[in-house]
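Presented below is the structure to which this report refers.
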Amino acid sequence: MKFNKLYVFTYLLICTLSSCEKDNNNSLPECDINGVWIGEWESNQEINGTFCANVIQNITDFSGNIVIRINEPDDGYYNLNFGGTVKNKNVETIINVRGTDIVTKSEINNDSLVSGNFDVPDLSVHGTFIGKKLLTTEAILTEIYSSPQDSEQYISDFIYIDNSLWVFTFPPEWIDDVDKTKVYKYNLDGRLTETTHYQPVLYNDIASDGQYIWNLTTWNTIFKYDTYGNKIDSLEITENLEIYSLACNSSNLFLLSSTKIHKTDHSLGPVDIINTEYTFPAAYINYKNYHLYSSGNILYKMNSKGKLIHAYIFPDERSITDIETNGNRVWCLVNWFDRNSGNDNYTIYEIDLNN
């Protein structure tokens with residue numbers, strides 16, 4: 001029965017933010033809900049969590065993407081598209097899911113706060129939610145690299161190292177009876193300076209401290225390599241952690257899990273643990289005294305305490321798959337599907353985080 005409650009409750013939250021009952025009086029929205037909204041929810045069934053939604057409004061209609069996290073009793077994510085209407089600052093819905101009516105009511109206050117309640121009579125589930133609009137701006141971008149329109153080559157990752165941007169391609173190429181990764185090296189102005197091959201082939205997540213390459217494998221082992229592919233070190237994550245992304249600087253490693261950022265030294269010795277409310281399995285880096293991570297076409301900026309402070313929106317239909325920094329500048333690898341050519345296109349942008 002608990003599984004059914006979680007299933008229905010997930011749709012409850014989606015529908016709460018995404019739709020309202022139709023009316024016939026042509027009501028105006030009376031609010032601007034464009035932007036990223038974050039918040040918390042809880043129920044009387046010991047189920048609680050957070051939500052993060054990107055909303056695009058067109059008069060009374062809106063659409064976007066929402067990520068819902070369940071903190072208790074089971075940790076998990078639900079990442080879905082949604083759409084609906086908002087009128088007279090009110091969002092209301094009665095929806096039937098597998099024979100169960102879900103009733104929700106909410107209100108937008110000052111274009112920046114949302115609060116409401118929900119009730120699922122058939123399951124005796126009810127509760128409340130509250131949220132706010134995060135500072136949201138369109139990303140100011142400078143294109144550094146763009147893949148050829150007719151290219152069928154995939155880009156798996158990129159890093160900043162030795163004053164260059166290294167672009168790793170996929171699949172590997174069979175050279176001298178060994179699988180090797182083709183790597184394009186660009187200077188920071190976007191000019192191709194070298195094409196080479198790197199061995200070994202690196203899978204899952206890679207990062208660089210500007211001098212060495214660090215590879216987080218799927219079995220929670222971190223390998224350290226030099227720029228020639230020689231293995232320098234092997235580190236085992238001994239704790240029972242599910243690590244999604246790896247970042248590093250000259251002194252520290254940063255391991256992103258579902259609810260925490262584990263800061264360690266270069267030998268995985270613990271330094272600090274940062275509790276986060278809204279991180280998702282995505283690209284991630286540590287930048288100055290901030291943390292940056294992506295979800296879809298949004299780059300999130302988080303302070304040193306784990307609180308979100310800014311959302312940067314990239315163009316539609318683009319997905320931010322990797323983020324890199326040299327400590328002063330930040331670059332994002334963006335993927336989008338070209339329907340005309342049928343190919344995946346890749347662009348590296350430098351982003352201005354001062355706006």
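Computed from the coordinates by the stated procedures, all read-outs in this text should not be read as laboratory data. Everything quoted here is computed from the prediction, not taken from an experiment. Every residue, glycine as well, gets a Cβ built from its backbone with ideal geometry; the counts of neighbours run over all protein chains shown.
Laid out as a table, the results:
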item: Reachable aspartates and glutamates from LYS87, criterion Cα separation under 18 angstrom, eight or more residues apart if same chain; result: GLU21, ASP23, GLU30, ASP32, ASP61, GLU107, ASP111
item: Protection-proxy order for peptides 271-279, 61-69, each taking the mean of Cβ atoms within 10 Å per residue, highest first; result: 61-69, 271-279
item: Cβ-based charge dipole, segment 174-257, positive-most Cα from CYS248, TYR184, ASN215; result: TYR184
item: Beta bridge orientation in segment 131-232: antiparallel %, DSSP, nearest 5; result: 95
